[in-house]
Structures are given as C-alpha cells and as structure tokens.
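Let me begin by presenting the structure, written as structure tokens, before commenting on it.
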Amino acid sequence: MTTTATGPVDLPGGRVLTWAETGWDDPRAAALRAAMDAEIAPRYAALRQGSPLPAPPSGEDVAVVVLALVDGAPAATGTLRRLPDRWEVKRLLVDADHRRLGLAGRVLARLEDAARDRGADELFLQTGNRQPEAIALYEREGWERIEVFAPYDPADGISVCFRKALRAEP
C-alpha cells in the first residue's frame, strides 16, 4: 500500500505533527505495535495463563493504518479493520515518549473519518480491562460500552467492548 501524508499541525513545544495512511506491514507502525505488546502483555499475563490471543488483523481485512509522526518520528498508530459484519478499530496506541499531546484522540478521530469515508455507519472496538487509560479515552470520545462480541470471550473477564455510531441515528 502506498503511504500518503497530510499537512502538518503544530504541537506544544514547537513539535510538528504529520499524518500518514499506510498498510499493516509498514515497519514504523509494526515497531509501535511491538512496543505496545511489550508494555501491555505483563498486565494480562496472570489472567491469560497461556490462553491464545485472538488473531491480529491480516493484510486482507486491514482497510488502513493511520500513523502519526511527530517531527518525523513514529508517535502513534491505529488500524481500521473491515470484517464481514462490522468495521473495527484495532491496535490504537501512542508511543511512551509522545504521550500527553492528544495523539490518541486524534488517531481515533482519523480512524472514525476513514470508516465514514468507506461507508461505515458504526464502528466497534475491544480493549482490555487492565487498560484504564484506553477505556477512559473511548468513553471521553463518545463510545458506548456494549456486550463482549466474538471473537472475544465474555467468560474470560478481560474484554471491554465499545460501539460508536458514525452517523446520526434516527
């Protein structure tokens, strides 16, 4: 997939934010996801006890990967995934060195816009109960909690699922 960028945005401290839309295999986004795994996995190790994780998005179901670059460095990413029955936000994260700049909300908004542009009326996502910062973000951004949906296991007590309408509901 070709990487496309949009115009720069000034951030506090003289930093400059630029955007790229890319694919799942982009090495910058992959490095951010690996850092997320290293940070988040210990929170769930005792709960998972070796149980398998749901499969990550594949090239076939990834609609777009949004990448935030601060002064040219990969700072945040998120993925819009198209499944047969829904659009889903996956793997949204902000690099530890770039937190407190409002990037998570900006990435989420870009993913919502990308879904709207592709005809989606609603979006879904799953996070874990040991990620209070993610839960707070989604609630702050107008997402509503819903029942845990497949492929996530409601019995594991880990998953917290959300839905957001992208168009005005009647």
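Among (1) over 20 Å from residue 167 (Cβ atoms); (2) open to solvent by less than 40 Å² (accessible area, probe 1.4 Å), where does residue 112 come up short? Here residue 112 meets the rest and fails (1).
Being open to solvent by 30 Å² or more (accessible area, probe 1.4 Å), of a type in the set (Gly, Ala, Ser) and either out of contact with any Phe, Trp or Tyr (no Cβ under 6 Å at 6 or more places or on another chain) or without any contact (Cβ under 8 Å) to a residue 40 or more places away in the chain (or both) is a condition met by at least one residue of the range 133-148. Within the option set 67, 80, being over 23 Å from residue 149 (Cβ atoms), aliphatic (A, V, I, L, M) and within 15 Å of the chain's Cα centre (by Cα) holds for one residue only, 67.
Would you pick out the residues in the range 143-158 that are more than 15 Å from the chain's Cα centre (by Cα) and not in a helix (DSSP H, G or I)?
Keep residues of the range 143-158 that are more than 15 Å from the chain's Cα centre (by Cα), which gives 144-158.
Residues satisfying the conditions are 144, 145, 146, 147, 148, 149, 150, 151, 152, 153, 157, 158.
Residue pairs whose Cβ atoms lie under 9 Å apart, separated by 6 or more positions or on different chains, with the first residue in the range 11-31 and over 15 Å from residue 111 (Cβ atoms) and in contact (Cβ under 8 Å) with a residue 40 or more places away in the chain and the second of a type in the set (Lys, Arg) and surrounded by 17 or more Cβ atoms within 10 Å (Cβ to Cβ), are 17/106.
Out of curiosity, is residue 107 over 10 Å from the mean Cα position of the chain (by Cα), crowded, with 18+ Cβ neighbours inside 10 Å and not in a loop (DSSP other than H, G, I, E, B)?
For residue 107, the condition - over 10 Å from the mean Cα position of the chain (by Cα), crowded, with 18+ Cβ neighbours inside 10 Å and not in a loop (DSSP other than H, G, I, E, B) - is not met.
Residue by residue through the range 56-90, note down the ones that are under 16 Å from residue 15 (Cβ atoms) and not in a strand (DSSP E or B).
At the first step, the residues of the range 56-90 found to be under 16 Å from residue 15 (Cβ atoms) are 67-76.
Correct list: 71, 72.
Which residues, counting only those in the range 115-132, are open to solvent by less than 60 Å² (accessible area, probe 1.4 Å) and part of a helix (DSSP H, G or I)? Once the filter is applied, which keeps residues that are open to solvent by less than 60 Å² (accessible area, probe 1.4 Å) and part of a helix (DSSP H, G or I), the range 115-132 yields only 115. Looking at the range 155-166, is at least one residue at pLDDT below 95 and in contact with a strand residue (DSSP E or B) (Cβ under 9 Å, 6 or more places away or on another chain)? So far as the range 155-166 goes, yes, one or more of its residues are at pLDDT below 95 and in contact with a strand residue (DSSP E or B) (Cβ under 9 Å, 6 or more places away or on another chain). Is it the case that residue 31 is touching a strand residue (DSSP E or B) at 6+ places or on another chain (Cβ under 6 Å) and modelled with pLDDT of 90 or more? So residue 31 fails the test.
The values are calculated or read from the model by the stated rules, or taken from the named source; none is laboratory data. These numbers were taken from a predicted model, which means no experiment stands behind them. Reconstructed Cβ throughout: ideal geometry from the backbone, glycine too, with neighbour counts over all protein chains shown. Surface areas here come from the heavy atoms of the whole protein model, side chains and all, with no ligands, DNA or RNA. Shrake-Rupley method; radii C 1.70, N 1.55, O 1.52, S 1.80 Å.
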